[in-house]
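Computed from the coordinates by the stated procedures, all read-outs in this text should not be read as laboratory data. If you're wondering where the values come from, they're calculated on a predicted model, not measured in any experiment.
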Ligand SMILES: [Zn+2]
């Protein structure tokens, strides 16, 4: 594989949630292993290597995710041992470390050692929304790629190029709020699109002045029950997430979704036009919702998200904390 002679051994994909980092990581792994790339270097998506990468089922692709909100040294040692073996079938042995900031200090030290002594055709991709929690020594050894939000028109053009109906394109552009990962998810699944619409309308109902505390606590209860029963299918690396409870993943996704909308509400409130103003219900509710209340709700949602990410706080308790601020 002469064209990959100078390929770095390590990458850091950084940026907020749902900007498509995990999707790009998988496409990248496909592109360095596919033997039938087109002349733009894009993977064919059909060969056995592309297909097994898509299904996350191949011994040459290793995926590490946190167990109990931590990536431990044992996981990294295991990864290093497997990376030191020759690829079974692919050109490269690849590893994706998702939520890499959750590596504890020992795990980071072990990873640093692996990066210092790279072996043969290996590529390690770290994905994180909190790069400052990854040690400087690691960061200085790998190639950083920053992910940001896309403009409304870029998302829209992409969706139109996929042949989606115009009405659906408008809706997905609105909901995805510049996050290509969300736009791709929603364009592939009507179920997910329906769920996102419900998320937005639930949030509007909850923050509207008419909803009392009893109603909001009822909603907190039902959200946390939904998280318990519905299976988690939102994340690209879902097969690897079994160790983490579905409930906490769902709870976090709910809070992350709310934060996106709440920030849009804030922009709308200060008169910066955003995509969300297409929803008349939003405008009506926001007219009666004071600016400082939205700020308070954002702060409460951010602390709840922090608690559910870093501790074992359950999602119902976290939601109830937010409901008290509303
Ligand atoms: Zn292929």
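Angle check, please: helix 190-207 long axis (alpha carbons) against the longest principal axis of the chain (alpha carbons), in degrees 0 to 90, nearest 10. The angle comes out at about 40 degrees.
Its DSSP H runs of at least 4 residues, each contributing -39,500 (n - 2.57), put the calculated 222 nm mean residue ellipticity of the chain at -17000 deg cm²/dmol, to the nearest 500. So, in Å, what gap is there between the alpha-carbon centers of region 29-80 and region 162-202? Taking the Cα centre of each part, region 29-80 and region 162-202 sit 27 Å apart. Only Cα sites of the chain enter the Debye sum here, all with the same form factor; the resulting log10 I(q)/I(0) across q = 0.07, 0.08, 0.11 1/Å is -0.32, -0.41, -0.77, listed in q order.
Bridge orientation summary for the chain: considering DSSP beta bridges with both residues in this region, about 5 percent are antiparallel.
Give the relative contact order (percent, whole number) for region 22-70; include only Cα pairs under 8 Å separated by 6+ residues. Write down the numbers at each step before the final one.
Details: 31 pairs, mean separation 12.8, N = 49.
Computed value for region 22-70: 26 percent relative contact order.
Using a Gaussian network model of the chain whose springs link C-alpha atoms within less than 10 Å, name the residue from 186, 255, 164 with the highest mean-square fluctuation. Among 186, 255, 164, the largest GNM mean-square fluctuation belongs to 164. Helix 246-269 versus the longest principal axis of the chain: what angle, 0 to 90°, nearest 10, using Cα atoms? With rounding to tens, the tilt is 60 degrees. Comparing mean-square fluctuations of 20, 163, 129 from a GNM of the chain with C-alpha springs under 10 Å, the top value falls on 163. Axis angle, to the nearest 10 degrees, between helix 291-310 and the longest C-alpha principal axis of the chain: 40 degrees.
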